[in-house]
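Working notes for the structure below.
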Amino acid sequence: MNDRVDTYSVRPFPRIRQAYIDVLEQGRRRHLIHGLVEADVTAARRVMRARASERRPLSFTGFVVACVATAVAEQPMLHAYRSGRRRLVLFDDVDVNTEVEETRPDGTRIVASRIIRGANRKTVDEISAEIRDAQGGADVDRRRYRRTLWYLALPRVVRMLGWQVVMGRPLWFKRFGGTVAVSAIGMFAAGGGWGVPLTPTTSMVTVGGISQRPVAVNGHLETREYLSLTVTVDHDIVDGAPPPGSRGVCAS
């Protein structure tokens, strides 16, 4: 009888990923509810393909960020944050925290957060340019990266205490984490499908895959493209979809 020898490789656990784990720990403390929806992105994808040959093509993530920012600006409760027990802070600007694959100075590539400040006041072209610049490493914030590594060197109990301080101060949270999140990692999957995230933000939209299906349009069948989206909200603050014509209040 021959004994089989298992083969494997060992590689270091990226230190930067501990920052992601800390974020997920805070999301686990939230009372989150999730809605699985689909959006017809046929026309948007047609525009993306038409402009794909441009020097600076549009980013599909940029398109989603612009849509989310516009919707949140119309319903500010979607990025309201508690200040103490009896007050809510509602922001005017929608700062969208999304992920991009960045090239570090040493040539390695990591998934890093990118905050699009005042996304509700920017066009899809402007947001796309910010995302493309970040992906290309044109504006890599080396100081922020070094500060993150310094933060990760602190004991876990100290980091968690720091998180509690930031979470209780909406202006600090906005500065470091934005006001709403958009996760675009699922866009790399083939076909439809939803992700169910953990997030410390009041609202988050998780972008899933794109599926095709025949749909009746003006009495004729057309193949349309549908994007899977998971809309996640903190149930302590947001109850559900707002009634028609309302602004700033989300009620079931």
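Among the residues of the range 2-19, how many are without any contact (Cβ under 8 Å) to a residue 12 or more places away in the chain and under 30 Å from Val165 (Cβ atoms)? Before the answer, list the steps.
The first filter runs over the range 2-19 and keeps only residues without any contact (Cβ under 8 Å) to a residue 12 or more places away in the chain, leaving 2-13, 17.
Next, only the ones that are under 30 Å from Val165 (Cβ atoms) stay: 13, 17.
Selection size over the range 2-19: 2.
Among the residues of the range 46-86, write down those that are over 24 Å from Leu227 (Cβ atoms) and either of a type in the set (Val, Ile, Thr) or free of Cβ contacts under 8 Å to residues at least 40 places away in the same chain (or both).
Arg55, Arg85, Arg86
So which of Val64, Val96, Val41 ends up being under 14 Å from Ala184 (Cβ atoms), in contact with a Gly (Cβ under 9 Å, 6 or more places away or on another chain) and of a type in the set (A, V, I, L, M)?
Details: Val64 fails: in contact with a Gly (Cβ under 9 Å, 6 or more places away or on another chain); Val41 fails: in contact with a Gly (Cβ under 9 Å, 6 or more places away or on another chain).
Of Val64, Val96, Val41, the one residue that is under 14 Å from Ala184 (Cβ atoms), in contact with a Gly (Cβ under 9 Å, 6 or more places away or on another chain) and of a type in the set (A, V, I, L, M) is Val96.
Restricting to the range 196-252, name every residue that is part of a loop (DSSP other than H, G, I, E, B), in contact with a helix residue (DSSP H, G or I) (Cβ under 7 Å, 6 or more places away or on another chain), open to solvent by 40 Å² or more (accessible area, probe 1.4 Å) and at pLDDT 90 or above.
Leu198
Quick check on my filter: what residues within the range 19-62 are of a type in the set (D, E, K, R), under 18 Å from the mean Cα position of the chain (by Cα) and outside any loop (DSSP other than H, G, I, E, B)?
The answer is Asp22, Glu25, Arg28, Glu38.
Considering every residue within the range 19-38, establish whether at least one is at pLDDT below 95, open to solvent by less than 90 Å² (accessible area, probe 1.4 Å), within 17 Å of Tyr226 (Cβ to Cβ) and among the acidic types (Asp, Glu).
Yes, that holds for at least one residue.
Could you figure out which of (1) open to solvent by 20 Å² or more (accessible area, probe 1.4 Å); (2) touching a residue at least 24 places away in the same chain (Cβ under 8 Å); (3) part of a helix (DSSP H, G or I) isn't true of Val89?
Every listed condition holds for Val89 apart from (3).
Just to be sure, is Pro170 at pLDDT 85 or above, closer than 27 Å to Arg87 by Cβ and touching a Gly at 6+ places or on another chain (Cβ under 6 Å)?
Values: at pLDDT 85 or above: yes; closer than 27 Å to Arg87 by Cβ: yes; touching a Gly at 6+ places or on another chain (Cβ under 6 Å): no.
For Pro170, the condition - at pLDDT 85 or above, closer than 27 Å to Arg87 by Cβ and touching a Gly at 6+ places or on another chain (Cβ under 6 Å) - is not met.
Among the residues of the range 6-18, how many are surrounded by 11 or more Cβ atoms within 10 Å (Cβ to Cβ) and in a loop (DSSP other than H, G, I, E, B)?
So in the range 6-18, the residues surrounded by 11 or more Cβ atoms within 10 Å (Cβ to Cβ) come out as 14-18.
Filter again for in a loop (DSSP other than H, G, I, E, B), leaving 14-16.
Final tally of qualifying residues: 3.
The values are calculated or read from the model by the stated rules, or taken from the named source; none is laboratory data. Please read all numbers here as calculations on a predicted model, not as lab measurements. Reconstructed Cβ throughout: ideal geometry from the backbone, glycine too, with neighbour counts over all protein chains shown. Note: areas computed on protein heavy atoms with side chains; ligands, DNA, RNA excluded. Shrake-Rupley method; radii C 1.70, N 1.55, O 1.52, S 1.80 Å.
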